[in-house]
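A.B. asks: Take this structure first; my questions come after.
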Amino acid sequence: MRKINTPIKIGSKMVKNRITYAPTVKFGWSDNTGIPNNYFVRHYEDRAEGGTGLIVVEATCISPSGRLAPSQLGLWEDAQIEGHRSISDACHKHGAVVLVQIHHAGYNTHPECGSSRGPSVVEWRDNQTEALSHDEIIAIRNQFIDAAKRAKIAGYDGVQLHACHAYLINQFVSSRVNLRTDEYGGSLENRTRFGCEIIRGIHEACGSDFIVSVRTPGAEPTVEEAWAIADTYIAAGADYLQISGGIGPEEINYPEGLPYNHIVWYGTQMHTHVNGRVPVSVVNGILKPDLACQLIEEELTDTIDSARALLADPKWARAVIEDQEYVTCRNCKVCFWSPFMEHKCPAVTQRYKTDPNCVDYLL
């Protein structure tokens, strides 16, 4: 048996293999209620049925005023729970462990949803932001915890904090854009306080058997700083780290000639640093089964996060595990789900056109 097909314990749950589906937002699939519809259920069930061991449902906002887009999914109110229950039930039928990524856009909030607010007043993408008050920070912290409580009621096995990609939790840990002088700014301890309070609050509210994953940068702005940030999350009770990009690293020299890119390399360095305290996952550009297997076999990571490979073919996990044929991601950079331009992945479009079960789905 390939090592990538061996189980791994994450938190209190046993995941059947080392392939996970990374969260990818489906802009425009829902309306402004934030309630998942059948498109989402079928989408995630497809990947669970295709053999993926752990699925992370896309960025789901904890507040209507912190959304990345008006159509973003939500867990800010009880009316959204049943839609999410449909997703978790569908994935559990196929033996997948299922988390939902909880999120606040902060400075990146869509203007139709709210103002650009975060830790400080800074110039952000040609706009000036607004600083959250201390009371507002506490309120948002509690909204994250309340969203996790709803996630548990909805049947999810845990949540993933979206603490990278320049969203709110990432903004707090970054000394570049967190200029606060109170207990939520300045030192590393203060800048990570917001995220750590959320982690502890979720475990207190949902119990120790409810997984709390953190998607965190591998360099912010250095790998050493990213390691220190991750250490605080682990100390606060994080069960799993999934490593990606952040607000932006400094110039970092990483080895040439590797079969994977610098974001994966950041993840492998985090894996070495964490040294088994919690499982670590790597992501970005892992499109070939051989590379996925190599990363696991060489013990460079504990799990493989897949996004584009599983978008192109929901059965990609089986291709990795069982050496089956698969639909290849063409690496054309702008995925079918991009909100910014009219573009459809050729592989996905062809499959849905030829599959009678999918002709009413996504086209």
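The values are calculated or read from the model by the stated rules, or taken from the named source; none is laboratory data. Computed from a predicted model, the values in this text were never measured in an experiment. Using ideal geometry, Cβ is built from the backbone for each residue, glycine included, and neighbour counts are taken over all protein chains shown.
A.B. asks: Can you run down the residue pairs with Cβ atoms below 9 Å, 6 or more apart or on separate chains, where the first is in segment 244-273 and farther than 17 Å from Ile296 by Cα and the partner is charged (D, E, K, R) and not in a loop (DSSP other than H, G, I, E, B)?
C.D. replies: Ser244/Arg215; Ser244/Asp305
A.B. asks: Could you list, in sequence order, the residues of segment 27-45 that are surrounded by fewer than 20 Cβ atoms within 10 Å (Cβ to Cβ) and either within 23 Å of Thr303 (Cβ to Cβ) or at pLDDT below 90 (or both)?
C.D. replies: Those that are surrounded by fewer than 20 Cβ atoms within 10 Å (Cβ to Cβ) and either within 23 Å of Thr303 (Cβ to Cβ) or at pLDDT below 90 (or both): Phe27, Gly28, Trp29, Tyr39.
A.B. asks: Mind listing whichever residues of segment 300-315 are within 20 Å of His262 (Cβ to Cβ) and of a type in the set (D, E, K, R)? First the steps, then the outcome.
C.D. replies: Restricting attention to segment 300-315, the residues satisfying the condition of being within 20 Å of His262 (Cβ to Cβ) are 300-309.
Answer for segment 300-315, where residues must be within 20 Å of His262 (Cβ to Cβ) and of a type in the set (D, E, K, R): Asp302, Asp305, Arg308.
A.B. asks: Quick check on my filter: what residues within segment 176-200 are without any contact (Cβ under 8 Å) to a residue 40 or more places away in the chain and polar (S, T, N, Q)?
C.D. replies: To start, the set of residues in segment 176-200 that are without any contact (Cβ under 8 Å) to a residue 40 or more places away in the chain comprises 181, 183, 186-187, 190-191, 193, 199-200.
Within segment 176-200, Thr181, Ser187, Asn190 meet the criteria.
A.B. asks: Looking only at segment 59-71, count every residue that is among the polar types (S, T, N, Q) and under 15 Å from Gln160 (Cβ atoms) and tell me the total. Spell out how you get there, then give the answer.
C.D. replies: If we filter segment 59-71 for residues that are among the polar types (S, T, N, Q), which is where we start, we get 60, 63, 65, 71.
After this cut, where a residue has to be under 15 Å from Gln160 (Cβ atoms) as well, the list is 60.
The total comes to 1.
A.B. asks: While we're on this one: When only residues in segment 297-310 that are of a type in the set (A, V, I, L, M) and surrounded by 23 or more Cβ atoms within 10 Å (Cβ to Cβ) count, which is nearest to Cys329 (Cα to Cα)? Don't jump to the end; show me each part of the working.
C.D. replies: So in segment 297-310, the residues of a type in the set (A, V, I, L, M) come out as 300, 304, 307, 309-310.
Then drop every residue that is not surrounded by 23 or more Cβ atoms within 10 Å (Cβ to Cβ), which leaves 304, 309-310.
Details: Ile304: 16, Ala309: 6, Leu310: 9 Å.
Among those residues, the one meeting the criterion is Ala309.
A.B. asks: Moving to a separate point now. Of all residues in segment 199-245 being assigned to a loop (DSSP other than H, G, I, E, B), within 19 Å of the chain's Cα centre (by Cα) and of a type outside the set (Gly, Ala, Ser), which is modelled with the lowest pLDDT?
C.D. replies: The first filter runs over segment 199-245 and keeps only residues assigned to a loop (DSSP other than H, G, I, E, B), leaving 207-210, 218-222, 237-239, 245.
Imposing the further condition that a residue be within 19 Å of the chain's Cα centre (by Cα) reduces the set to 210, 218-220, 237-239, 245.
Then drop every residue that is not of a type outside the set (Gly, Ala, Ser), which leaves 210, 220, 239.
On the way: Phe210: 98, Glu220: 95, Asp239: 98.
Taking the candidates together, the pick is Glu220.
A.B. asks: Now, a different point. Take Val98 and tell me if it is without any contact (Cβ under 8 Å) to a residue 60 or more places away in the chain, buried (at least 24 other Cβ atoms within 10 Å of the Cβ) and under 29 Å from Gly11 (Cβ atoms).
C.D. replies: Details: without any contact (Cβ under 8 Å) to a residue 60 or more places away in the chain: yes; buried (at least 24 other Cβ atoms within 10 Å of the Cβ): yes; under 29 Å from Gly11 (Cβ atoms): yes.
In short, yes.
A.B. asks: Working only within segment 138-169, note down all residues that are buried (at least 23 other Cβ atoms within 10 Å of the Cβ) and in contact with a Phe, Trp or Tyr (Cβ under 7 Å, 6 or more places away or on another chain).
C.D. replies: Hits for segment 138-169 are Ala147, Gly158, Ile169.
A.B. asks: Go through segment 210-228 and report how many residues are over 23 Å from Glu299 (Cβ atoms) and touching a Gly at 6+ places or on another chain (Cβ under 8 Å).
C.D. replies: Here the count works out to 4.
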